[in-house]
Structures are given as structure tokens and as C-alpha cells.
Amino acid sequence: MKTYHIVTIPGDGIGPEILDSALQVLAKVQELSGQFRLEYEEREGGAACYQRHGVNLSKESMEACHKADGVLKAPVGLPSVRYPDGTEAGLLGGVLRNGLDLYANVRPIRLWPGVDAPLKAKPGEIDYVIVRENTEGLYLSRGLGVGNDEAFADMLLMTRKGVERVCRFAFELARKRSGSPSDGKRRVTCVDKSNVLRSFWFFRRIFQEMGEQYPDVEKDLLYSDAAGQDLVRRPWRYDVMVMENFLGDLLSDLGGGTVGGLGMCPSANIGVRASYFEPVHGSAPDIAGKGVANPLSQILAAAMMLEHLGEASAAKVIRDAVWEALVSEDLVIQASGQPKGGSQRATQAILRHLRK
Ligand code: NAI
Ligand code: MG
């Protein structure tokens with residue numbers, strides 16, 4: 001039987017609660033499949049880890065993530081735990097994404113059935129993926145900003161290698177999908193601000209160059225401010241969208257808002273050798289310990305991990321169970337973004353709908 005070595009990071013706030021839900025689902029899926037085994041190694045990381053040890057992730061844990069077949073990470077960070085420079089000490093984005101060179105941050109935005117979402121759309125009518133460049137752009141300036149009480153500057157860097165590989169990833173992803181919900185066309189939309197900034201013009205030119213290798217995929221260009229409007233007005237038009245790091249961070253949260261909140265949004269961080277899977281949202285300290293968090297983001301992140309490991313049918317079992325639980329109203333996501341009856345009841349509903 002295939003065995004996968006998985007590192008788990010329970011993180012902060014609601015992290016341990018929703019990771020527990022995902023692990024329950026994975027245990028049942030493994031049992032149903034009988035084809036593979038997941039072997040876990042839990043690692044401390046995040047704000048509480050920083051408070052205890054003075055580092056948000058130890059060298060050994062980093063090494064473990066590097067060696068693992070997959071990493072299932074829960075949200076980390078607490079707004080009260082900060083470095084002397086004012087930025088948060090508990091975040092692992094910079095450490096893991098740059099440390100493991102995970103250049104593609106994959107964020108599917110999908111409207112599931114029975115979700116009390118703000119747009120007039122039917123389930124499945126919103127179904128696009130934001131591919132966010134994950135190792136450079138504005139966030140490469142993390143910790144490097146310079147300034148004083150009068151002025152401050154951060155820098156934005158795009159490299160040919162960085163833009164090429166993320167664009168290639170987006171085009172390859174479009175080939176694996178079945179096109180946009182509105183017209184079924186395979187389409188990659190480049191989102192940038194190349195009307196104003198030269199670095200974004202560089203990004204767009206490389207996107208167009210790469211696009212020539214994908215004649216079967218439609219190429220589409222959109223400025224990021226217009227994208228903010230379009231993702232609310234007609235999100236069904238989109239299939240795959242590729243963009244710089246900071247823009248991807250902002251627009252994927254916007255997308256999450258249109259499909260019932262970030263609690264519905266899983267994500268993957270993919271590199272050549274390593275990868276990790278996590279919810280898009282943060283540690284939600286405002287609801288931590290109350291048992292009300294939506295565990296779907298973490299459960300769907302676990303499904304993305306299985307898919308990446310090559311266990312696509314097991315991933316489908318999870319997604320089908322989520323779909324069925326929502327259609328049958330065994331699981332109801334309220335307008336607050338929280339599941340009716342709390343996290344555990346939501347988890348039980350999904351467990352009941354898991355079928356081989
Ligand atoms: P957040 O995403 O934690 O919460 C924003 C709002 O969404 C809150 O009202 C929260 O209750 C709600 N929410 C989030 N996840 C939910 C879920 N699964 N079910 C129901 N409601 C949910 O963002 P916030 O408050 O800005 O940040 C909290 C902490 O998380 C900060 O320390 C921040 O830096 C960190 N963070 C960590 C991330 C990560 O680990 N990948 C990503 C984003 C933020
Ligand atoms: Mg974010």
C-alpha cells in the first residue's frame with residue numbers, strides 16, 4: 001500500500017479545531033479507499049510557537065516540511081504577537097513559501113450549493129482559480145522595507161524566471177480544467193496594473209510570450225482594479241486567473257466573499273519539490289475556542305493535498321461528500337460564514353456523506 005508522510009501544523013486560533021475536522025475526514029477516506037495510508041508528523045509553528053521558542057518554525061520543522069510528501073497546515077498568527085518592527089511574528093508565509101520555493105499559490109473560488117452567498121448565482125456558476133505568484137512581487141519586500149518617521153518604502157520585484165513559471169502553471173492548470181462556467185472556454189486571464197507600473201508591463205509581456213505555447217487556451221487581459229468589479233459583477237466568465245503576489249492576496253479574499261466567506265476557501269502552495277495545503281483565511285481569533293468555525297476550508301485543503309499526491313479519486317470522494325451534505329441541507333453555511341450547529345456538527349455531516 002502506498003504510504004504518504006504528511007506533516008501537520010495545527011497553528012493558532014481556530015487552527016487546531018479545523019485541522020482536527022480535516023483529519024477525521026482523511027481517516028474515513030483512507031478507510032474507504034483502502035489504497036493508501038497517511039502517516040502523520042505534527043509540528044509546532046506560528047504565533048504560540050514564537051512565544052514559546054522565539055522562532056515561528058524551528059529548523060527541524062522546516063526540514064520535516066521539506067522532506068514530507070505533503071504538508072497540511074492550519075492557519076497561524078495572532079495580531080498581538082509581533083516583532084519589534086511591528087509586523088506579525090507568527091506568520092509562516094514568508095518562511096515556507098520562500099524557504100521551500102513554492103511559487104504557485106492556487107486558490108479555487110467555487111460557489112457550493114446551499115451557501116447563503118451575496119451574489120445571484122447558482123451553485124457551480126462561480127468556479128475559477130486564482131493562481132497567485134507566491135515568491136516575489138511586493139511581498140518579497142517582507143522585512144526589507146526602509147524608512148523613518150517621515151517616509152517608508154517597500155519594493156516590488158518581478159523576475160523572468162518567476163513570472164514564466166507561474167504563467168506556465170496557470171496555462172497547464174487551464175488545460176486540466178473544463179473552462180469557464182459561462183461558455184466552457186479554457187481561458188487564462190492575466191490580471192495586472194501595467195497601465196501604471198513597468199514591473200506589471202514586464203509581467204504582462206511574459207504572460208503573452210508564454211501564451212503562444214498554449215494556442216488551445218484563450219488569453220485574456222484585465223487591469224486589477226477592473227478585476228475587483230468584474231469578480232463581483234460576472235465571476236462566471238473566469239476560469240484561471242494569474243497575477244502578482246499582493247494582487248492575488250487581495251482578489252482571492254474578494255472572491256471568497258462572493259462564495260460564502262473565506263471558510264469555504266482552501267488553497268495550495270506548490271513548488272517543484274515541496275508543497276503545502278491550507279485555508280485561505282487566518283486564525284480567526286475572534287471565534288477561536290467557540291466551536292463555530294467553518295471547517296470546510298481545511299477539509300477542502302486536505303482534498304487538494306490528496307489530489308496533488310495523485311489520489312484524485314479520494315479527493316473527489318471528499319468534494320462529493322461536501323456537495324451532498326450541502327445539497328441535502330445536513331450542512332448549512334449561514335450568512336455569517338459559520339455552519340449551523342457548529343464545527344463538529346458540520347464535520348459529522350460530511351463524514352456521513354463520504355462514499356466510496
Ligand atoms: P481571518 O481570516 O482570521 O478572519 C477574518 C474574518 O473571517 C473573521 O471575522 C473570522 O471570524 C472569519 N473567519 C475566518 N475563517 C473562518 C472560518 N473558517 N469560519 C468562519 N469564519 C471565519 O483574518 P484576520 O482576523 O485578519 O487575521 C487573524 C490572524 O490570522 C492574524 O494574525 C493574521 O495575520 C493571520 N492570518 C494568517 C493566515 C495564514 O495562516 N495563512 C492568512 C491570513 C491571516
Ligand atoms: Mg491573505
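The values are calculated or read from the model by the stated rules, or taken from the named source; none is laboratory data. Quick caveat, the model's predicted, so the values are computed rather than measured. Glycine gets a Cβ as well: all are built from the backbone with ideal geometry, and neighbour counts include every protein chain shown. These area figures cover heavy atoms from the full protein model, side chains too; ligands, DNA and RNA do not enter into them. Shrake-Rupley method; radii C 1.70, N 1.55, O 1.52, S 1.80 Å.
Couple of notes before you dig in:
- Heavy-atom accessible surface of the chain, averaged per residue, reaches 44 Å², computed with a 1.4 Å probe.
- Magnitude of the charge dipole for the chain, about its Cα centre and with charges confined to Cβ atoms of Lys, Arg (+1) and Asp, Glu (-1), is about 860 debye.
- About its Cα centre, the dipole of the stretch 252-356 is roughly 240 debye, where the only charges are +1 on Lys and Arg Cβ and -1 on Asp and Glu Cβ.
- Surrounding net charge for Tyr4, when Lys and Arg each add one and Asp and Glu each subtract one, Cβ distance under 9 Å: -1
- By average C-beta atoms within 10 angstrom, highest first, the peptides 30-39, 90-99, 299-308: 299-308, 90-99, 30-39
- Sites Phe202 and Lys290 - FRET efficiency at Förster radius 45 Å, r taken between beta-carbons, to 0.05: 0.45
- Relative to the current alpha-carbon distance between Leu32 and Lys219, full extension at 0.36 nm per residue lengthens the span by 63.2 nm.
- Taking the charge dipole of the chain about its Cα centre, with +1 at Lys and Arg Cβ atoms and -1 at Asp and Glu Cβ atoms, the residue from Asn294, Val7, Ala312 reaching farthest to the positive side is Ala312.
- Couplings 3J(HN,Hα) of the stretch 125-138, computed from phi: 6, 10, 7, 9, 10, 8, 9, 9, 4, 10, 10, 9, x, 5 Hz, in residue order, whole Hz [Karplus 6.51 cos²θ - 1.76 cosθ + 1.60, θ = phi - 60°; x for Gly and Pro].
- Checking the cross-link pairs Lys290/Lys316; Lys185/Lys219; Lys2/Lys316; Lys2/Lys356 against a 20 Å limit on the alpha carbon distance flags Lys290/Lys316 as lying beyond it.
- Calculated FRET efficiency for the pair Arg142/Ala335, C-beta based, R₀ 41 Å, to 0.05: 0.75
- By accessible area, using a 1.4 Å probe on protein heavy atoms only, the chain has 51% of its surface on carbon and sulfur.
- When both bridge partners sit in the stretch 118-258, DSSP labels roughly 20% of those beta bridges antiparallel.
- For Met241, the residues 5 or more places off, or on other chains, whose built amide H falls under 5 Å of its own are Val129, Ile130, Val131, Thr189.
- Solvent exposure, largest accessible area first (probe 1.4 Å, DNA, RNA and ligands not counted), of Lys2, Lys161: Lys161, Lys2
- The alpha-carbon atoms of the chain define a convex hull whose volume equals 138 cubic angstrom per residue.
- Most positive-pole-ward Cα, Met158, Pro113, Gly145, against dipole of the chain from beta carbon charges: Pro113
- Rounded to the nearest 20 debye, dipole of the stretch 115-166 from Cβ charges on Lys, Arg, Asp, Glu: 300 debye
- DSSP bridge orientation in the chain - percent antiparallel, rounded to nearest 5: 40 percent
- Full extension of the chain between Ala312 and Lys356 gives 14.6 nm of extra length, using 0.36 nm per residue less the Cα-Cα distance.
- Per-peptide packing, taken as the mean over residues of other Cβ atoms within 10 Å, places 205-218, 311-324 in the sequence 311-324, 205-218 from highest down.
- Segment Arg82..Leu156, full-extension length gain: 24.3 nm, with 0.36 nm per residue of separation and the alpha-carbon distance subtracted.
- For the stretch 118-258, the relative contact order is 37 percent, taking Cα pairs closer than 8 Å that sit 6 or more residues apart in sequence and dividing their mean separation by the residue count.
- Normalised by the number of residues in the chain, the mean separation of alpha-carbon contacts (under 8 Å, six or more apart) gives a relative contact order of 22 percent.
- Over the chain, dividing the summed -39,500 (n - 2.57) contributions of all DSSP H runs of at least 4 residues by the number of residues returns a 222 nm mean residue ellipticity of -11500 deg cm²/dmol.
- Per-residue HN-Hα couplings for the stretch 237-243 [Karplus 6.51, -1.76, 1.60; θ = phi - 60°; Hz; x = Gly/Pro]: 6, 9, 10, 10, 10, 10, 7
- Out-of-range pairs (alpha-carbon distance over 29 Å; input Lys28/Lys340; Lys28/Lys161; Lys28/Lys59): Lys28/Lys161; Lys28/Lys59
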